[in-house]
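Everything on this sheet refers to the single structure shown next.
Bear in mind these aren't lab numbers, they're just calculated from the coordinates by the rules spelled out. Here the structure is a predicted model, which is why all the values come from computation and not from measurement. Cβ placement follows ideal geometry from the backbone for every residue including glycine, while neighbour counts extend to all protein chains displayed.
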Amino acid sequence: MDDAWICGRLGEDEPWALGAVNPPIFENSLFTFAGMAELGEAIRNEDERYVYWRGTNPTVDLAQRKLAALERAERAKCFASGMGAISATISSLVSAGDHVLVLGAVYGPTTQFLRYLEKFGVTHTHVADLGACDSAVKENTRLLYFESPSYMRYEIFDIPAVARWAAGRGLVTVMDNTWSTPIFQKPLTMGVDLVVHSLSKYAGGHSDLVGGVVAGPSRLIRPLALTEYQLYGAAMSPHDAAKVIRGLRTLPVRMAAHQERGLAVAAFLEGHPAVRRVNHPGLPSHPGHRVAKGQMSGFSSLFSFELDTESREEVAAVVDELRHFRVGVSWGGFESLVNAPALSVEESVRATMGVPVGLVRLSVGLEPAATLIEDLAGALARVA
Ligand SMILES: Cc1ncc(COP(=O)(O)O)c(C=O)c1O
């Protein structure tokens, strides 16, 4: 089954869809049954049977089936946010006394959640590369968590090598694949156990949705769906699932457009005298480019560059001068966004984040590359 079919048609030719080009949205909090025996049977299998919105819903299920198929997973479970998926997934895999290994830079709130778990006796260690894992792994390590490309610096990890290393030590691997989307990278086919996503980025694509998903084998998804999904209550709503389904319809086309625009903008920045470096794994100069080409079929358009300055004022002057890039958090939508993370935190916090003052993050949207390059050229003239 190819990705285009999965995105546009999978699960949509059911009799209940009545041939509608967009499937109906099931907006109901509960389902009713012929009798108590049938209800009891459904409750015992609530991860798969429709009982109550907080557990399952047919529209959410359709989004889940498509996302599972895109990730080549047996099953997927959608959540009300990416963090809902990440916190439920990690919680389902660890118990008091366990240890988590975190490889490379990961999304800030993911680290915050691991810190939060310390009060329940779960500890974690951050390591910079696979070579450092051997000395950091412990008797009680259960889980290896990572992103590739990594957060903010977009470093590449050799996914099959990471998965092999973890499997050899009996660890479960969880990878955040939000950056690439399943269109450009399929970690489960490279040995990763579970993939998590924020659907709020490229998958939704229109900056009108917050959602998340975890995908993987039934043996790991079923317990999570019956326990953490039900108890944390971060269920995806059917309307949000309909937005995911809509987003997937255009995802392959949007990703191709994001890739083309992102690479054009990154190449322009790389040649600019005011720019010290560009962190985009699609550039041949990126240290992880060769490995990336081997495990990804394309590159999204979220990357960072470093201005050749230590002055917060100069960085702010460049960012504030931009007209097409709007200042904001999040990424992956139709609109181009800019953020200079060092400027929104205290200097002491920035130092612990490992982010240089001049680091500027761009989410290149769907505007023409030439327009965005012109915008950047004008703003960079402020420091050139
Ligand atoms: C890489 C990554 N993973 C996960 C998340 C969390 O997703 P959400 O905001 O949907 O909870 C984000 C959000 O920015 C992210 O950038």
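Direction-averaged projected area, Cα convex hull, the range 11-57: 3.9 nm², rounded to one decimal. The mean sequence separation of alpha-carbon pairs under 8 Å and at least six residues apart, normalised by the residue count of the range 250-380, gives a relative contact order of 28 percent.
Relative contact order (percent) for the chain, with alpha-carbon contacts under 8 angstrom and 6 or more residues of separation? List each step's numbers first, then the result.
Details: 744 pairs, mean separation 63.8, N = 384.
About 17 percent, as a whole number.
With a 10 Å cut-off between alpha carbons and a GNM built on the chain, which of 105, 242, 20 moves the most? Result: 20 has the largest fluctuation of those listed. Among the trypsin sites (Lys or Arg not before Pro) in the range 232-335, those located in a DSSP loop and surrounded by at most 15 other Cβ atoms within 10 Å of their own Cβ are 323.
Each principal axis of the Cα atoms in the range 65-151 has its own extent, and those three values, largest first, are 39, 29, 23 angstrom.
Each of 195, 338 was scored by other Cβ atoms within 10 Å of its Cβ. Listed from fewest to most, they are 338, 195.
Kirkwood Rh, the range 3-248, all Cα pairs: how many Å? Spell out each step's value before the answer.
Numbers: mean 1/r = 0.0540 Å⁻¹.
Value: 18.5 Å, from the Cα pair sum.
Summarising the label geometry, the points placed 7 Å from Cα in the beta-carbon direction at residue 52 and residue 320 lie 5.2 nm from one another.
What translational D, rounded to a whole number of µm²/s, comes out for the range 173-326 from Stokes-Einstein when the hydrodynamic radius is the Kirkwood one over Cα pairs, at 37 °C and 0.692 mPa s? Could the numbers behind the result be given before it?
Working: Rh = 17.8 Å.
It diffuses with D of about 184 µm²/s by this estimate.
Quick one: if the Förster radius is 41 Å, what FRET efficiency do residue 189 and residue 347 give, using the C-beta to C-beta distance and rounding to 0.05? Computed FRET efficiency for residue 189 and residue 347 comes out at 0.45. In summary, the lysines within cross-link reach of residue 119, defined as a Cα separation below 30 angstrom excluding same-chain residues under 8 places away, comprise 77, 138. For the range 250-380, the dipole from Cβ point charges (+1 on Lys and Arg, -1 on Asp and Glu) about the Cα centre works out to 600 debye, to the nearest 20. Taking a straight Cα-Cα cut-off under 15 Å and skipping sequence neighbours fewer than 8 places away in the same chain, the aspartates and glutamates within cross-link reach of residue 66 are 2, 3, 12, 13, 14, 74, 240. Quick one: Cα centre-to-centre distance for the range 182-199 and the range 298-355, in angstrom? Centre-to-centre distance over Cα atoms comes out at 27 Å. Compared with the dominant Cα axis of the chain, that is its longest principal axis, helix 238-270 is turned about 20°. From the largest down, the range 101-219 spans 44, 33, 33 angstrom on the principal axes of its Cα atoms.
For the range 263-378, the alpha-carbon coordinates run over 39, 31, 28 Å along the three principal axes, in decreasing order. Relative to one another, the C-alpha centroids of the range 202-249 and the range 20-56 are positioned 16 Å apart. The calculated FRET efficiency for the pair residue 270 and residue 134, based on their C-beta separation and a Förster distance of 51 Å, comes to about 0.90. Which of 90, 157, 241 sits farthest toward the positive end of the charge dipole of the range 3-248, with +1 on the Cβ of Lys and Arg and -1 on the Cβ of Asp and Glu? The residue sitting farthest along the positive end of the dipole is 157. With the cut-off at under 19 Å, measuring from each backbone N in the range 33-57 to a point 7 Å along the Cα-to-Cβ line of residue 16 picks out 33-35, 38-57. For the chain, what is the calculated [θ] at 222 nm in deg cm²/dmol (nearest 500), taking -39500 (n - 2.57) for each run of four or more DSSP H residues and dividing by its residue count? Per the formula, -11500 deg cm²/dmol. Each eigenvalue of the Cα gyration tensor of the range 1-98, multiplied by 5 and square-rooted, gives one semi-axis; in descending order these are 25, 22, 12 Å. For residue 293, the lysines whose Cα falls under 17 Å of its own Cα, not counting residues fewer than eight places away in the same chain, are 186.
Please check: in the Gaussian network model of the chain (C-alpha springs, under 10 Å), which one of 131, 358, 233 has the largest mean-square fluctuation. Answer for the Gaussian network model of the chain: 131.
If R0 is 51 Å, the Cβ-Cβ spacing of residue 33 and residue 111 corresponds to a FRET efficiency of close to 0.70.
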